[in-house]
């Protein structure tokens, strides 16, 4: 497991993640800096929309790669069981 | 839906709100290597829209196990979706916020990624480390442009020798060459140098805003009426501009800036 380790004088210990205050904070981070995402193939992409109508719902962000492939980005916090269920339903809808 | 309708009716407001007129403008603004090719992009976008073939990126602060299993299953069941499962962790260290993004490898991931796809990961072209290929391309440029191109290459090499950047060259279609001086820590450049129908420089506003915001006004005063960003480039390249860009790179790298005066301007070394 990847972790950030810190030694405060009493030995090396993994730092606990501080998390994000809310989903909007993570959403904004991804929208402003999509290049931080380590995606397969390392594509260059530009965000071109948010809250994008797709199927019966809305995708959090829409982006496009240099080669023209569309990129749908969903951003969620894991501790929200409701959000987890919602994203599973969204993924199944996308795959259908 | 076709690409024109997507651009006009669906994402037009978002693009204009961010200072872009077209999808191409938005991509050129983030295209450090000058890899964007309009023909390849339009064909790829049309295919993505027509076939429903796209990339799905799921970003969590922590990835639940059941989601990783679901992604693995779906990727094995469809050839139209490429799914990236990303965990972004945030830490606080001595008052500094750290962000650690990681890609979660789901089962059977390798098999799916090795499958052929008609939409290329990158447009046609070749990326190489260093400035050698860019320099080699100068001999084939128009004779009246070669001195300018050598000056640009020498300037970039000076940045590298100062430890501010690493260099990479992209060779695109139609023998288009670009040289990007990339900040060592982040791998992005404030500018891209072009050998394409002559020598020119394009500017990356988002990188300026993030790493050298104090340099924007100085550079824009020199290239006026053009502005940094929006795919703008200039072929009017004075020593004053190169000195201002050198200072911008120093600021971006956290180095002290040696403010140049008209009598002490640091022009690039000879190539």
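Residues are listed down the side, and each one gets a yes or a no for (1) surrounded by 17 or more Cβ atoms within 10 Å (Cβ to Cβ); (2) within 27 Å of residue A:29 (Cα to Cα); (3) in contact with a strand residue (DSSP E or B) (Cβ under 6 Å, 6 or more places away or on another chain):
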{"site": "B:154", "(1), (2), (3)": "yes, no, no"}
{"site": "B:157", "(1), (2), (3)": "yes, no, no"}
{"site": "B:201", "(1), (2), (3)": "yes, no, yes"}
{"site": "B:204", "(1), (2), (3)": "yes, yes, no"}
{"site": "B:209", "(1), (2), (3)": "no, yes, no"}
{"site": "B:241", "(1), (2), (3)": "yes, no, no"}
{"site": "B:246", "(1), (2), (3)": "yes, no, no"}
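Taking residue B:55 as meeting all but one of (1) surrounded by 20 or more Cβ atoms within 10 Å (Cβ to Cβ); (2) more than 7 Å from chain A (Cβ to nearest Cβ), write down the number of the exception.
Failing condition for residue B:55: (2).
If I ask for residues that are more than 8 Å from chain A (Cβ to nearest Cβ) and either part of a loop (DSSP other than H, G, I, E, B) or buried (at least 22 other Cβ atoms within 10 Å of the Cβ) (or both), which ones from the range B:41-52 would you list? Spell out the reasoning first.
Filtering the range B:41-52 down to residues more than 8 Å from chain A (Cβ to nearest Cβ) leaves B:50-52.
Across the range B:41-52, the qualifying residue is only B:52.
Does residue A:89 meet the test of being exposed (fewer than 14 other Cβ atoms within 10 Å of the Cβ) and more than 7 Å from chain B (Cβ to nearest Cβ)?
On the way: exposed (fewer than 14 other Cβ atoms within 10 Å of the Cβ): yes; more than 7 Å from chain B (Cβ to nearest Cβ): yes.
Answer is yes for this residue.
With modelled with pLDDT of 90 or more and touching a strand residue (DSSP E or B) at 6+ places or on another chain (Cβ under 8 Å) as the only criterion, which of B:87, B:68 stands out? Step through it out loud before you land on a result.
Numbers: B:68 fails: modelled with pLDDT of 90 or more.
Among B:87, B:68, only B:87 is modelled with pLDDT of 90 or more and touching a strand residue (DSSP E or B) at 6+ places or on another chain (Cβ under 8 Å).
Which of the residues belonging to the range B:149-181 are assigned to a helix (DSSP H, G or I) and modelled with pLDDT under 95?
Step one: list which residues in the range B:149-181 are assigned to a helix (DSSP H, G or I), which gives B:149-161, B:173-175.
Within the range B:149-181, B:173, B:174, B:175 meet the criteria.
On the given criteria, is residue B:38 closer than 27 Å to residue B:134 by Cα and in contact with a strand residue (DSSP E or B) (Cβ under 7 Å, 6 or more places away or on another chain)? Even if it seems obvious, please write down each step before you answer.
Details: closer than 27 Å to residue B:134 by Cα: yes; in contact with a strand residue (DSSP E or B) (Cβ under 7 Å, 6 or more places away or on another chain): no.
No: the conditions fail for residue B:38.
Being part of a strand (DSSP E or B), in contact with a strand residue (DSSP E or B) (Cβ under 7 Å, 6 or more places away or on another chain), at the interface with chain B (Cβ under 7 Å from one of its Cβ atoms) and touching a residue at least 40 places away in the same chain (Cβ under 8 Å) narrows it down to one of A:71, A:75, so name that one. Can you show your working first?
On the way: A:71 fails: touching a residue at least 40 places away in the same chain (Cβ under 8 Å).
Of A:71, A:75, the one residue that is part of a strand (DSSP E or B), in contact with a strand residue (DSSP E or B) (Cβ under 7 Å, 6 or more places away or on another chain), at the interface with chain B (Cβ under 7 Å from one of its Cβ atoms) and touching a residue at least 40 places away in the same chain (Cβ under 8 Å) is A:75.
Please work out which residue is farthest from the other protein chains (Cβ to nearest Cβ), limiting yourself to the range B:1-40 and to residues that are within 16 Å of residue A:43 (Cα to Cα) and in a loop (DSSP other than H, G, I, E, B).
In this case the residue turns out to be B:34.
Just give me the residues in the range B:58-74 being assigned to a strand (DSSP E or B) and surrounded by fewer than 20 Cβ atoms within 10 Å (Cβ to Cβ), in sequence order. Outline the logic, then answer.
Going through the range B:58-74, the residues assigned to a strand (DSSP E or B) turn out to be B:58-60.
Passing the criteria: none in range.
Given the options A:63, A:25, name the one that is in contact with a strand residue (DSSP E or B) (Cβ under 6 Å, 6 or more places away or on another chain), free of Cβ contacts under 8 Å to residues at least 40 places away in the same chain and either part of a strand (DSSP E or B) or facing another protein chain (nearest Cβ under 9 Å) (or both). So that I can check it myself, show each step before the final result.
Values: A:25 fails: in contact with a strand residue (DSSP E or B) (Cβ under 6 Å, 6 or more places away or on another chain).
Result: A:63 is the single residue among A:63, A:25 that is in contact with a strand residue (DSSP E or B) (Cβ under 6 Å, 6 or more places away or on another chain), free of Cβ contacts under 8 Å to residues at least 40 places away in the same chain and either part of a strand (DSSP E or B) or facing another protein chain (nearest Cβ under 9 Å) (or both).
Give the range A:1-22 a look and list any residue that's within 23 Å of residue B:105 (Cα to Cα) and more than 7 Å from every other protein chain (Cβ to nearest Cβ), or say none.
A:1, A:3, A:5, A:14, A:16
Report yes if some residue within the range A:53-69 is at positive phi and touching a helix residue (DSSP H, G or I) at 6+ places or on another chain (Cβ under 7 Å); otherwise report no.
yes
Which count do you get for residues in the range B:64-99 that are touching a residue at least 12 places away in the same chain (Cβ under 8 Å), within 18 Å of residue A:25 (Cβ to Cβ) and more than 7 Å from chain A (Cβ to nearest Cβ)?
Here is the first cut: in the range B:64-99, the residues touching a residue at least 12 places away in the same chain (Cβ under 8 Å) are B:67-69, B:71-72, B:75-76, B:79-90.
From the residues that got through so far, the ones that are within 18 Å of residue A:25 (Cβ to Cβ) too are B:86-90.
When the remaining residues are screened for being more than 7 Å from chain A (Cβ to nearest Cβ), the result is B:87.
Total satisfying the criteria: 1.
Regarding residue A:47, is this residue surrounded by 14 or more Cβ atoms within 10 Å (Cβ to Cβ), more than 7 Å from every other protein chain (Cβ to nearest Cβ) and closer than 30 Å to residue B:24 by Cβ?
Details: surrounded by 14 or more Cβ atoms within 10 Å (Cβ to Cβ): yes; more than 7 Å from every other protein chain (Cβ to nearest Cβ): yes; closer than 30 Å to residue B:24 by Cβ: yes.
It is true that residue A:47 is surrounded by 14 or more Cβ atoms within 10 Å (Cβ to Cβ), more than 7 Å from every other protein chain (Cβ to nearest Cβ) and closer than 30 Å to residue B:24 by Cβ.
I need the full set of residues from the range A:41-60 which are in a loop (DSSP other than H, G, I, E, B) and out of contact with any strand residue (DSSP E or B) (no Cβ under 6 Å at 6 or more places or on another chain), in order please. Quick ask: steps written out before the conclusion?
From the range A:41-60, those in a loop (DSSP other than H, G, I, E, B) are A:41-44, A:55-56; that's our starting set.
The answer is A:41, A:42, A:44, A:55, A:56.
The values are calculated or read from the model by the stated rules, or taken from the named source; none is laboratory data. What you see is a predicted model, and the numbers here were worked out from it, not measured in a lab. Note: ideal-geometry Cβ built from the backbone for every residue, glycine included; neighbour counts use all protein chains shown.
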